[in-house]
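This report refers to the structure that appears directly beneath it.
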Amino acid sequence: KKGNYDHFMQKEIHEQPHSLTTTMRGRLRDNDVVLGGLKVHLKTIRHSRRIIFIGCGTSYNAALAARPFLEELSGIPVAMELASDLLDRQGPIYREDTAVFVSQSGETADTLLALEYALENGALCVGITNTVGSTLARKTHCGVHINAGCEIGVASTKAYTSQIVVMVMVALAIGADKISTQSKRDAIINALHDLPNQVSEVLKLDSEMKDLAESLIETQSLLVFGRGYNYATALEGALKVKEVALMHSEGMLAGEMKHGPLALVDETLPIIVIATRDACFSKQQSVIQQLHARKGRLIVMCSNGDVSSVCPSGSCRVIEVPQVADCLQPVINIVPLQLLAYHLTVLRGYDVDQPRNLAKSVTTQ
Ligand code: UD1
Ligand code: BG6
């Protein structure tokens, strides 16, 4: 079933133009989004006091990527909860809350326990899952299947990008009653139509990412700095490297750089800075300057044609990616990092599809 590919993770990375197409199939109209599973619940969601995203691992990161756009379109505060932490704290959940559970498998123990807890507390419970008939799909009040197709590699790749796209569509559906955001919504719907093509473009970086992996093969550690829409990309890129390449890697909020991480910067530690064009671009330019002043070993991800704006000295390595609508940029930006993690794993001789000590679905606490 791997076709021409050596590993499932590799196949699943490369099939993202297709999986994203199936995720959107039948759901995008000219200037509207139709999510059959949410239709009758949209009014209740719009009246919620708070939306809470709950998940684990990559699914949590996907929700984090979608959060800024959901806040922007709905005007409702969006809280983030790692399922285990919510359970540990027994954090407050109310009847006026909408709790959105994100899980590729729909069977992750902590996520399901958090669901039981939210149901007991009377919240509207929405599921976002890849698995029809899963416990999550059955026990939530309503939800959306991501329809990404079966994912076999333990490290989630295509489910991540499909989850983000579904949550962007959820935000579009929730915000559909607001005239003030209509033109933004139209622009995002157009951009969604073109997204699979742009993902095909960014996949052309495969051999460049293999070269980059070769240069990092002996590295002990790798940092990834992002912010805004791409804070999640930093966390998820680092998680991929950690999970499969068995290399220490941390995703960090660039806005926190001066509050600790800066102490780590030297000429040897590679740091990936995500600096594609969006409202945070100039702040990321200044982060790059500060890292450069401390002789950091920089790898900068920027929008096509922006090399001289992010690296005027010409001394950093640059990954150029296609620029898309800001809220969809995380879908593009994660792809080179998935490819990097994949190639690092192969070059370091580790098991790509079954990383040491990890399971595809963690069904016990
Ligand atoms: C549904 C059909 C799809 C068909 C389409 C045509 C299913 C699974 N989907 O897709 O085959 O082509 O209509 O109109 O039969 N749900 C939850 N929790 C979750 C996920 C989903 O309760 O975590 C519920 C939804 O609220 C909905 C149902 O499951 O009632 C199906 O969800 P989804 O597949 O996303 O709906 P459609 O896209 O309308
Ligand atoms: C496991 C997987 O840890 O569970 C991860 O190895 C995944 O890839 C996480 O992100 C959460 O799984 P799910 O199925 O709830 O999305």
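Laid out as a table, the results:
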read-out: Within segment 115-133, tally of residues that are assigned to a helix (DSSP H, G or I), more than 16 Å from ligand 1 (Cβ to nearest atom) and under 21 Å from Leu38 (Cβ atoms); value: 0
read-out: Residue pairs meeting the criteria (Cβ under 8 Å; at least 6 apart or on separate chains; first within 28 Å of Arg356 (Cα to Cα), in segment 140-159; second modelled with pLDDT of 95 or more and assigned to a strand (DSSP E or B)); value: Ile146/Ile128; Ile146/Thr129
read-out: Residue satisfying condition, being on the phi < 0 side of the Ramachandran plot, surrounded by fewer than 23 Cβ atoms within 10 Å (Cβ to Cβ), modelled with pLDDT of 95 or more and within 16 Å of ligand 1 (Cβ to nearest atom), within set His193, His141; value: His141
read-out: Condition check for Leu64: more than 16 Å from ligand 2 (Cβ to nearest atom), more than 21 Å from Gly122 (Cβ to Cβ), under 20 Å from the mean Cα position of the chain (by Cα) and in contact (Cβ under 8 Å) with a residue 60 or more places away in the chain; value: no
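Here is a yes/no grid of residues against (1) free of Cβ contacts under 8 Å to residues at least 60 places away in the same chain; (2) surrounded by fewer than 14 Cβ atoms within 10 Å (Cβ to Cβ):
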{"site": "Thr219", "(1), (2)": "yes, no"}
{"site": "Gly237", "(1), (2)": "no, no"}
{"site": "Val241", "(1), (2)": "no, no"}
{"site": "Met252", "(1), (2)": "yes, no"}
{"site": "Met257", "(1), (2)": "yes, no"}
{"site": "Ala263", "(1), (2)": "yes, yes"}
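The values are calculated or read from the model by the stated rules, or taken from the named source; none is laboratory data. Please read these numbers as outputs of a predicted model, since none were measured by experiment. Every residue, glycine as well, gets a Cβ built from its backbone with ideal geometry; the counts of neighbours run over all protein chains shown.
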